[in-house]
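First the structure, in the form of structure tokens, and then the observations on it.
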Ligand SMILES: Nc1nc2c(c(=O)[nH]1)N[C@H]1C(S)=C(S)[C@@H](COP(=O)(O)OP(=O)(O)OC[C@H]3O[C@@H](n4cnc5c(=O)[nH]c(N)nc54)[C@H](O)[C@@H]3O)O[C@H]1N2
Ligand SMILES: Nc1nc2c(c(=O)[nH]1)N[C@H]1C(S)=C(S)[C@@H](COP(=O)(O)OP(=O)(O)OC[C@H]3O[C@@H](n4cnc5c(=O)[nH]c(N)nc54)[C@H](O)[C@@H]3O)O[C@H]1N2
Ligand SMILES: [Mo]
């Protein structure tokens, strides 16, 4: 009897249950935390899902989303066949077609746009999903387009670029060796529950935790020794003020600063402008608390810091806030040091796993050049530092068709609700695109605007290459056949490459051959990985990462040092006004005229994570939706009292760009004057309230977490 059979017998006694337990992963969530799942399969159907007990990542645990995996996979709105639009764009009228017909139509239309305009007039865009990205990226380039873009235009990349221009790379918190954890916008229980154990262990060892957040969370309650409940978007000012305190009190590691950093004098001058009383006023914090937190961080080292792919950089001053915080790690000698923030390059699709892959080469060695990417003219730093287009300029370019037309979009999980002014984007696509194909699991609002819609299958219906922390790699096996006529995204792309006869043998050979090419030299092959479908230790993986390499060999920046003053930013044309120093500006700088202030007195923070929801993708998963059935806005107790609002009241949220309806949920979690709500609802899409030009000039990121708005009660309709 195999181990699995024993497990089933133990769980479900009796003779021949006809049930098999098969391993896969849950891809609902953040790619960094794709937990191992055991699917109980009977008659080709999943009847139960549990966490895989010996999976190196989740060790048997599952969150609410993972526990709903079965409900997600068998949702009624799964797209069943390839579809061709027969009504108007947006109307949602389609007829089923065959895969062959779909490929022919796509090939013809993309080639037509290429002939009439250019290959760059086709934009390839991926939503939140990451696993197929190397294939899509290469496909775009082999087709001849420079325009590959993703949700990274609003997530992660701002931080990545800020890290790159400051230190050449980012660094993760070395929690295992730290005495202090500076949890800057850290709320692990909600967005990354598997990270909480590390913080708990640090506390058990007697380590200290500082958390800086705008709301009360389980992390602020359970973990924080010091909690700074800061005014939203003012973190940059706090970081500069902390730097002044550190320097003035002699807590800086001047030996580190002298040996390994660049631009300290200019930085010192900048931070002198942020004395404690001024910082306390901007941030809304008590000066003593700021002092205590700073002292603890700077004197109880080694200290490591949490950074977020979204929270801070979702303010229009966020790029520099991130840099200002990163600078603290060098000022205190905690960057690239044990117990501080330790660089560790990604192995495969953002995941740090201690081994080298050829993913970057795979996607970039067919880069066609010949044009600048979408957004390059407005966001030169982005263009210089990232190999994707900045999708926050897509709407403008589709509307204006300048500097060159965009006439077709190939979307994989493209979700227009991710973009500010969603309706305008859909209107521009309707009016100006010759062709739009979208591939998704579900018939989303965005799919309804597509000319061709293709059904993708889920993680449990496909095989997928996946790297894990600790030096692991897996190639999963499907646990059930793809539902209906759905297919794996990578098979769709590789089949299309064959139909279009693209000049690329690797893509034409398929995903597994491409994956093998990318992991060549790591010590494992796809064939070996497929034998178990479970994560295997990569023989060449070096884990954990050893600190000190940059200090020894030099940073990958123009000066070879950690740059308080960024030479890469200084090289950008001064007309863009980008400061090489991490200077601070008001998060609502573009909305502070008296009229707007008066009309929209509230601060709107959208999308701070909650455990049961993830962007738009599970709002229509019944089990998860049942936890919070209605789109709600969290209103502070005092504001609710002042406005005469009760729990469950219907309100209109408005900004200069639009208005949506939600229900009131009264809490004391955020500060007075701050409204908090989730994104991704079709019936209450908060991104209608975010202005398309409310963007961080360094990264192009939208101010999702900092926007003026108003709230008023409306009658039930
Ligand atoms: N207001 C506001 N807006 C935000 C944010 C915020 O905090 N506030 N957060 C931003 C951030 S950080 C991010 S990362 C983005 C995420 O933004 P989105 O890309 O909108 O994320 P999702 O809604 O999770 O996924 C998009 C689509 O992918 C589909 N999908 C799921 N799995 C697959 C698959 O295997 N194949 C294919 N082809 N499709 C699949 C889903 O069904 C869904 O329709 O949103 C950003 N937008
Ligand atoms: N359950 C769940 N998990 C997720 C996701 C999801 O949608 N749902 N999305 C995934 C994705 S794509 C991403 S990018 C990550 C993001 O994950 P996190 O980085 O954890 O992002 P958030 O939860 O948006 O923000 C973290 C904390 O920052 C706080 N915050 C907001 N504005 C400010 C501010 O101005 N200053 C300070 N100091 N704090 C602020 C919020 O209140 C929140 O508690 O989560 C991933 N994990
Ligand atoms: Mo994100």
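The values are calculated or read from the model by the stated rules, or taken from the named source; none is laboratory data. Keep in mind that what you see is a predicted model, and the values were worked out from it rather than measured. Neighbour counts are summed over all protein chains in view; Cβ atoms, including those assigned to glycine, are modelled from backbone coordinates with ideal geometry.
Only one of these is farther than 24 Å from residue 581 by Cβ, outside the structural domain of residue 672 (by TED's automatic domain parsing), more than 16 Å from ligand 1 (Cβ to nearest atom) and without any contact (Cβ under 8 Å) to a residue 40 or more places away in the chain: 208, 221. Name it.
When all the criteria are applied, what remains is 221.
Tell me, please, whether a residue that is assigned to a strand (DSSP E or B), more than 19 Å from residue 372 (Cβ to Cβ), touching a residue at least 12 places away in the same chain (Cβ under 8 Å) and within 16 Å of ligand 3 (Cβ to nearest atom) can be found in the range 131-143. If you could, list the steps in order and put the result at the bottom.
Let us first name the residues in the range 131-143 that are assigned to a strand (DSSP E or B), namely none.
Within the range 131-143, none of the residues are assigned to a strand (DSSP E or B), more than 19 Å from residue 372 (Cβ to Cβ), touching a residue at least 12 places away in the same chain (Cβ under 8 Å) and within 16 Å of ligand 3 (Cβ to nearest atom).
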Helices (runs of 4 or more DSSP H) lying entirely in the range 211-278 (those with 1 or more residues that are within 21 Å of residue 333 (Cα to Cα)):
235-248, 254-260, 264-272
Given the options 327, 304, name the one that is more than 11 Å from ligand 2 (Cβ to nearest atom), touching a residue at least 60 places away in the same chain (Cβ under 8 Å) and part of a strand (DSSP E or B).
304
Name the residues in the range 622-659 that are crowded, with 16+ Cβ neighbours inside 10 Å and within 18 Å of residue 610 (Cβ to Cβ), would you?
623, 624, 625, 631, 632, 633, 634, 635, 636, 653
Give the residues of the range 135-161 that are under 14 Å from the mean Cα position of the chain (by Cα) and within 11 Å of ligand 1 (Cβ to nearest atom), sorted by residue number.
150, 151, 152, 153, 154, 155, 156, 157, 158, 159
Test for residue 170: is it more than 16 Å from ligand 1 (Cβ to nearest atom) and either outside any loop (DSSP other than H, G, I, E, B) or surrounded by 19 or more Cβ atoms within 10 Å (Cβ to Cβ) (or both):
yes
Where in the range 353-404 are there helices (runs of 4 or more DSSP H), lying wholly inside it, with at least 1 residues that are farther than 18 Å from residue 145 by Cα and touching a strand residue (DSSP E or B) at 6+ places or on another chain (Cβ under 6 Å)?
359-364
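Residues checked against (1) in contact with a strand residue (DSSP E or B) (Cβ under 8 Å, 6 or more places away or on another chain); (2) in a strand (DSSP E or B); (3) under 20 Å from residue 601 (Cβ atoms):
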| site | (1), (2), (3) |
| --- | --- |
| 629 | no, no, no |
| 642 | no, no, yes |
| 661 | yes, yes, yes |
| 666 | yes, yes, yes |
| 680 | no, no, no |
| 687 | yes, no, no |
Here are some conditions: (1) more than 23 Å from residue 440 (Cα to Cα); (2) in contact with a helix residue (DSSP H, G or I) (Cβ under 6 Å, 6 or more places away or on another chain); (3) crowded, with 21+ Cβ neighbours inside 10 Å. Residue 21 meets all but one. Which one does it not meet?
(3)
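If the requirement is being within 16 Å of ligand 2 (Cβ to nearest atom), assigned by TED's automatic domain parsing to the domain that holds residue 121 and modelled with pLDDT of 95 or more, which of these qualifies: 438, 432, 415? Even if it seems obvious, please write down each step before you answer.
Numbers: 438 fails: within 16 Å of ligand 2 (Cβ to nearest atom); 432 fails: within 16 Å of ligand 2 (Cβ to nearest atom).
The unique qualifying residue is 415.
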Cβ pairs under 7 Å, 6+ apart, first in the range 447-474 and on the phi > 0 side of the Ramachandran plot, second in a strand (DSSP E or B) and away from ligand 1 (no atom under 16 Å from the Cβ):
471/537
Matching residues in the range 392-420 - criterion: being under 15 Å from residue 120 (Cβ atoms) and touching a residue at least 24 places away in the same chain (Cβ under 8 Å)
393, 394, 398, 401, 403, 404, 405, 406, 407, 408, 409, 410
Going by the structure shown, is residue 487 within 28 Å of the chain's Cα centre (by Cα), surrounded by fewer than 21 Cβ atoms within 10 Å (Cβ to Cβ) and farther than 21 Å from residue 29 by Cβ?
yes
